[in-house]
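Bear in mind these aren't lab numbers, they're just calculated from the coordinates by the rules spelled out. Every value quoted in this text rests on a predicted model; they were computed, and no experiment measured them. Positions of Cβ are generated from backbone atoms using ideal geometry, with glycine treated the same way; all protein chains shown enter the neighbour counts.
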Amino acid sequence: MEANARVTVLGDRPVGYGHPCYIVAEIGINHNGDLAVARRLIDAARDAGCDAVKFQKRTPDLATPVHMRDRPRETPWGTMTYLEYRRRVEFDGEGYATIDRHCRATGIAWFASCWDEPSVDFMEAFDPPCYKIHSAAVTDTPLLERVKATGRPVVLSTGMSEMAQIRAAVRQLAPRPIVLTHSTSTYPCPPDELNLSVIGTLRREFALPVGYSGHEAGLPTTVAAVALGACYVERHLTLDRAMWGTDQAASVEPQGFARLVHYIRTVEAAMGDGVKRVYDSELPVMARLRRAG
């Protein structure tokens, strides 16, 4: 394995072979358009030991599919069209300025998945360490070009994508530094569709760091992804899985996220370097139990 070919720097953190897993709490839209909730989620991610938080940025009038705009949506704020709902939960410039100040004061990195080209231009004002290409945008060539033009590293999620589509996206984004993340875009995803072995497939196919973006219930399978070589992990964070919102049920609550970070760090320490040796702690046991031969 060529270690140098598998390292990408996100902000001040190298991500890839030989480095600690980069752990991201995906806030997404779990804030429901409430800045107070967003700040609490940022604090929870910091307290859990995450490296970064991630949001989703849309220009609702561009990113909302035409056939869905007038569809009625039941919300905590009453019945409204889907487009009105998308506008309701989207932060404006001052909202994201508040998020930026809070993250800087908290000492945690933040970035976003952008769903349209103007959202990339919007995010540039905040000097993000990278951009996330969400799974739905793997084939969105204009969006990929706009992200590439920023010159920033890219985290490329691979849910609902075939290998040919992933190869094409990687070629289009080159020579930008890329972290690939294996993902299955089902919320929540059943264990038998996680297909964690794809992490190894991507590692063999691409000379890139490979991570995991999970949407399953529970924590063990995400920890298993790290044991299989994922050097970047992203899970949705929520204050309460019973909160209203499409992503809450596939999210992890703060105490669970803290356990996840602890489990990942424990597994990393346990993986070792692959060199078989006799540890000093084994010597008394060896002296007591092994017969001379």
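Things worth noting here:
- With Cα atoms as the point set, the radius of gyration and Dmax of segment 148-293 evaluate to 19.6, 68 Å.
- Cα-based equivalent ellipsoid of the chain: semi-axis lengths in Å, sorted from largest, via gyration tensor: 36, 22, 18
- Peptides 168-179, 268-279, 223-234, 71-82 ordered by average Cβ neighbours within 10 Å, highest first: 223-234, 168-179, 71-82, 268-279
- D_trans [Stokes-Einstein, Kirkwood Rh over alpha-carbon pairs] for segment 117-198, 4 °C, 1.567 mPa s, µm² s⁻¹: 97
- Close amide H contacts of GLY28 (hydrogens built in the peptide plane, cut-off under 5 Å, sequence separation of 5 or more or a different chain): LYS54, PHE55, GLN56.
- Counting only whole DSSP H helices of the chain, there are none at least 30 Å long by C-alpha along their axis and with mean Kyte-Doolittle hydropathy no lower than 0.5.
- Whole-Å semi-axes of segment 212-280's equivalent ellipsoid (Cα gyration tensor): 30, 12, 7
- Karplus 3J(HN,Hα) series, Hz, for segment 175-187 with 6.51 cos²θ - 1.76 cosθ + 1.60 (x for Gly, Pro): x, 4, x, 10, 10, 8, 10, 5, 7, 10, 8, 10, 10
- The charge dipole of the chain, taken about its Cα centre with unit charges on the Cβ of Lys, Arg, Asp and Glu (plus for the first two, minus for the last two), comes to roughly 880 debye.
- 222 nm mean residue ellipticity, helices alone, for the chain (DSSP H n ≥ 4; -39,500 (n - 2.57); rounded to 500): -10500 deg cm²/dmol
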